[in-house]
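See below for the structure under consideration.
The values are calculated or read from the model by the stated rules, or taken from the named source; none is laboratory data. Being a predicted model, the structure only gives us computed values, none of them experimental. Note that we place each Cβ from the backbone using ideal geometry, even for glycine, and neighbour counts take in every protein chain shown.
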Amino acid sequence: MTDFLGDGLIKNYLAGSWVDGDGGAAISVEDPGLEEHMAYCAEAGEDSLARALEAARSSFERGDLADMNPSARGRLMIRIAQEIRAIAQEGGRLLCRESGKALSAAQDEFEEAAQYFEYYGGVADKIEGKSIPLGPDYADYTILEPYGVSAQIVPWNFPVSIAARSLAPSMAAGNSTIVKSPELDPIGLAMLGQALDRAEVPAGTVSILNGIGRDLGARLVASSEVDQIVFTGSVPTGQAILRAAADPVTPSLMELGGKSAAVVFEDADLDTMVSSLKSGIFYNAGQVCSAMSRVLVHRSIYDEAVERAAQMANGLTVGHGLEEPEHTPVASAIQMARVEELTSTARQDGIRVAAGGARLDLKGYFMAPTILADVDPASRVAQEEIFGPVTCFTPFDTEAEAIAMANGTEFGLVAGIFTRDLARSHRVARKLRAGQVFVNKWFAGGISTPFGGVGKSGFGREKGLEALYNYVCTKNIAISLKG
Ligand code: NAD
């Protein structure tokens, strides 16, 4: 039974209590696999935001997390992980319905969220400074301090695991955090709030508010009460947030979009490539920032690669997420329209459709798994983030040409290489403009491997020990021992 449901409305988790909305109209949450209304969510207004900010500030100044014994803080986070696992079944079903993703993928989000809390719980007592030698007349050392109040804005494609990805290191470092849930699928985050509440996090150290991005989100990031912003989402929103952060000079972490390319060399194992593509572009209906949205293939194996990719795409099972199909709907009517518009423009421009290419005639926002072939690298579909189950194949002749094409967008999130030549994989990996390079397996890596972009994919890194340093600032203490 959920703690956050009152009068049929999903409430806000504000400083240890579940509260109604004081914003505008309640936000309607839809099941995209049925195109049916599913629930209403209470929208937090100005008063709720002010209360959350005040509670976060007070809890930080009291030292509720920052001054807690670091091992005890780590144990609190392990308790949160346990509570997340306890709600993963029910939470997964709700998240599956509100997001459209497969049930197992939704449950995996809760498992991944639990792992983030375990991972960062384990480092809560290892956030160490260093001592700097200045000769016998000085003692000099650094300490790593939390920022204070961290404002975190979460996207809808992986709301639970991405929220945990930022919240866990933020808490491990001792910050107080306000999370704004995504308007399309806020229920999974309410479940996360329930796990935090049941683990008895100190009131005020975490609030989770529901609201529309341009209203609540914009007010949260512009607040002078915020000491740090963590944003995961699209480039235009990231740019708007950076503008808002400029006046108060609020440090910001930007995890933005991508248009990531796999480079498939002539010696690649095509079975491996096709199985990577299946998850790389069709997992979560391609709504993944690090999706395998471009595939550059050596001309000598290009036709075979396109044919095998098309065969795989045409063979995927399709259905509502609860039926555990291989292919699920996109998250909303808006997303559907964007994917359809970009794909039909590509068709009109003469780009070859090797598989799919149009919306499926089913109830729900189902785009056919789509393989576009012979795509001009300068075309819109090869340059813009589609954020749907559509990938673009392009042939290349030389390694240098492949690297130039892979690097030829304004993004730089991840990239991939498929080859049996070890020396080539190292050489090319260093030349690819991306925050992470996968070799012979798309989505290789895990919660401990740093993740983030260059160019318009953003800056700063999440995941791994590296991410912890986003959530602390260094203070140097220099002591003269003379006199
Ligand atoms: P979005 O930018 O539309 O929204 C993201 C969040 O920002 C939402 O919670 C929204 O309410 C909020 N928001 C909107 N306007 C705001 C404003 N003016 N001020 C403050 N908050 C505001 O993105 P989306 O459609 O939810 O997510 C998809 C995008 O996120 C894609 O571009 C994807 O690549 C990117 N993404 C990146 C990563 C990563 O780690 N790099 C991970 C997941 C998604």
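Scan segment 260-274 and give yes if some residue there is at pLDDT 95 or above, within 11 Å of the ligand (Cβ to nearest atom) and in contact with a Leu (Cβ under 9 Å, 6 or more places away or on another chain), otherwise no.
Yes, segment 260-274 has at least one match.
Taking the residues in segment 217-243 that are near the ligand (Cβ under 9 Å from one of its atoms) and touching a Gly at 6+ places or on another chain (Cβ under 7 Å) as candidates, determine which candidate is nearest to residue 114 (Cα to Cα).
Across segment 217-243, the extreme among qualifying residues is 231.
Restricting attention to segment 322-366, which residues are under 23 Å from residue 296 (Cα atoms) and of a type in the set (A, V, I, L, M)?
339, 342, 346, 351, 353, 354, 355, 358 - these are the residues of segment 322-366 that are under 23 Å from residue 296 (Cα atoms) and of a type in the set (A, V, I, L, M).
Which residues, counting only those in segment 55-80, are within 23 Å of residue 194 (Cβ to Cβ), out of contact with any Gly (no Cβ under 8 Å at 6 or more places or on another chain) and not hydrophobic (A, V, I, L, M, F, W, C)?
79
Find the residue count for segment 431-459, including only residues that are within 16 Å of the ligand (Cβ to nearest atom), in a loop (DSSP other than H, G, I, E, B), touching a helix residue (DSSP H, G or I) at 6+ places or on another chain (Cβ under 8 Å) and at positive phi.
The total comes to 1.
Which of the numbered conditions does residue 179 fail, given that it passes all the others? Conditions: (1) buried (at least 24 other Cβ atoms within 10 Å of the Cβ); (2) without any contact (Cβ under 8 Å) to a residue 40 or more places away in the chain; (3) away from the ligand (no atom under 16 Å from the Cβ).
Only one criterion is unmet by residue 179, namely (3).
Conditions (1) of a type in the set (Ser, Thr, Tyr); (2) in a helix (DSSP H, G or I), marked per residue:
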position	(1), (2)
97	no, yes
112	no, yes
116	yes, yes
139	no, no
145	no, no
161	yes, yes
180	no, no
184	no, no
189	no, yes
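If only one of 48, 99, 58 is at pLDDT 95 or above, surrounded by fewer than 20 Cβ atoms within 10 Å (Cβ to Cβ) and of a type in the set (Gly, Ala, Ser), which one is it?
Of 48, 99, 58, the one residue that is at pLDDT 95 or above, surrounded by fewer than 20 Cβ atoms within 10 Å (Cβ to Cβ) and of a type in the set (Gly, Ala, Ser) is 58.
I'd like the full set of residues that are surrounded by 14 or more Cβ atoms within 10 Å (Cβ to Cβ) and farther than 30 Å from residue 361 by Cα, limited to segment 24-40.
26
Any chance you could count how many residues in segment 225-268 are hydroxyl-bearing (Ser, Thr, Tyr) and touching a Pro at 6+ places or on another chain (Cβ under 6 Å)?
Result for segment 225-268: 1.
Restricting attention to segment 182-202, report how many residues are away from the ligand (no atom under 16 Å from the Cβ) and of a type in the set (A, V, I, L, M, F, W, C).
Adding up the residues that qualify gives 5.
Quick one: in segment 406-422, of everything that is in a loop (DSSP other than H, G, I, E, B) and within 16 Å of the ligand (Cβ to nearest atom), which residue is surrounded by the fewest Cβ atoms within 10 Å (Cβ to Cβ)?
In this case the residue turns out to be 410.
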